[in-house]
Amino acid sequence: MRTGADVTAARAALHEQWDALRRWVDQVGDAELAAAPSVLDGWTVGELWAHLGRALEALTVCTPAPADAAPLSLREYLGSYAAGAAEIAETTRRLAAEQAADPVGAVDRSARAAFARLDELGPGDPVVQARRGPVRLSTMVVSRVVELVVHADDLLLSVRRAHGTDTVPDPVHPGALRLVADELLAIVVARGGWDLEVADARTWVRLAAGRVPYDVDVLADALHPRYTSDAVPDLGRMLPLL
């Protein structure tokens, strides 16, 4: 199954989300925040930020795949995260410690390398060898947009909690959020065959990423059936997707 977003759209969303997040860091930058607990259990804000560098580096290490490589779908690629959760957490904590002297600069360098590699691999949609298996370049880039959008939202909630205020600006780019919401919905629709639309992109992404507890009423706010004669199905057994 190919991802619905082409390389051009995915690349644009990745740039937009990274640029929005990078501007946000300059706005809210506070060295003391690094040690604050994030909304992800067991992770600090600094570790969450370091993880973004690791997420971007996953694009940097992609190489052309063998001609006979069968690419994973976005659902299959995202579904591989759970098995590597312990390794991801360990690597993230190590990176955060190594980059403590210049955390923003470290992720800046990861971003530059990732976008340079993306230019080298494009402009088409070849199959590339990623850390977790072969994928289309478009799928790989979409997966990076998913990472940046979901974790930008994590950072937003973490910093708002640390400051005790809801006035902290939002680092999530609307266009990138919409792309991620549509791509995650496409995974659900492909598995169940329903005809659904995103009604509230932020709520849907939080549900799909397991950031809020599953609740059928919250789901009904996030997704709507395309036709009024239909209903939103109970997706409790399918979520979270990440």
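Okay, residues lined up against (1) over 24 Å from Ala20 (Cβ atoms); (2) touching a strand residue (DSSP E or B) at 6+ places or on another chain (Cβ under 9 Å); (3) surrounded by 14 or more Cβ atoms within 10 Å (Cβ to Cβ):
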{"site": "Leu177", "(1), (2), (3)": "no, no, yes"}
{"site": "Val188", "(1), (2), (3)": "yes, yes, yes"}
{"site": "Trp194", "(1), (2), (3)": "yes, yes, yes"}
{"site": "Ala201", "(1), (2), (3)": "no, no, yes"}
{"site": "Leu219", "(1), (2), (3)": "yes, no, yes"}
{"site": "Arg226", "(1), (2), (3)": "yes, yes, no"}
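Within segment 114-142, restricting attention to residues that are within 18 Å of the chain's Cα centre (by Cα) and open to solvent by 20 Å² or more (accessible area, probe 1.4 Å), which residue is nearest to Trp24 (Cα to Cα)?
Of everything passing the filter in segment 114-142, Phe115 is nearest to Trp24 (Cα to Cα).
So how many residues does segment 10-24 have that are of a type in the set (A, V, I, L, M) and either touching a His at 6+ places or on another chain (Cβ under 6 Å) or modelled with pLDDT under 95 (or both)?
Summing the residues that are of a type in the set (A, V, I, L, M) and either touching a His at 6+ places or on another chain (Cβ under 6 Å) or modelled with pLDDT under 95 (or both) in segment 10-24 gives 1.
Could you tell me whether Asp170 is modelled with pLDDT of 95 or more, open to solvent by less than 50 Å² (accessible area, probe 1.4 Å) and not hydrophobic (A, V, I, L, M, F, W, C)?
No.
Which ones in segment 100-113 are open to solvent by 40 Å² or more (accessible area, probe 1.4 Å) and of a type outside the set (A, V, I, L, M)?
Within segment 100-113, Asp102, Pro103, Arg109, Arg112 meet the criteria.
Does segment 105-152 hold any residues that are of a type in the set (S, T, N, Q) and touching a Leu at 6+ places or on another chain (Cβ under 6 Å), and which are they?
Ser110, Thr139
Can you confirm whether Thr63 is over 25 Å from Leu177 (Cβ atoms), among the hydroxyl-bearing types (Ser, Thr, Tyr), touching a residue at least 24 places away in the same chain (Cβ under 8 Å) and open to solvent by 50 Å² or more (accessible area, probe 1.4 Å)?
yes
Give Ala36, Ala58 a once-over and let me know the one that is surrounded by fewer than 22 Cβ atoms within 10 Å (Cβ to Cβ), under 20 Å from Leu241 (Cβ atoms), in contact (Cβ under 8 Å) with a residue 60 or more places away in the chain and hydrophobic (A, V, I, L, M, F, W, C).
Result: Ala58 is the single residue among Ala36, Ala58 that is surrounded by fewer than 22 Cβ atoms within 10 Å (Cβ to Cβ), under 20 Å from Leu241 (Cβ atoms), in contact (Cβ under 8 Å) with a residue 60 or more places away in the chain and hydrophobic (A, V, I, L, M, F, W, C).
Can you confirm whether Thr44 is of a type in the set (S, T, N, Q), open to solvent by less than 50 Å² (accessible area, probe 1.4 Å) and farther than 21 Å from Ala208 by Cα?
When the stated conditions are applied, Thr44 passes them.
The values are calculated or read from the model by the stated rules, or taken from the named source; none is laboratory data. Since we're looking at a predicted model, the values are computed, not measured. Glycine also receives a Cβ, built like all others from the backbone with ideal geometry; neighbour counts cover every protein chain displayed. Just so you know, the surface numbers come from the protein's heavy atoms only, side chains and all, with ligands and any DNA or RNA stripped out. Shrake-Rupley method; radii C 1.70, N 1.55, O 1.52, S 1.80 Å.
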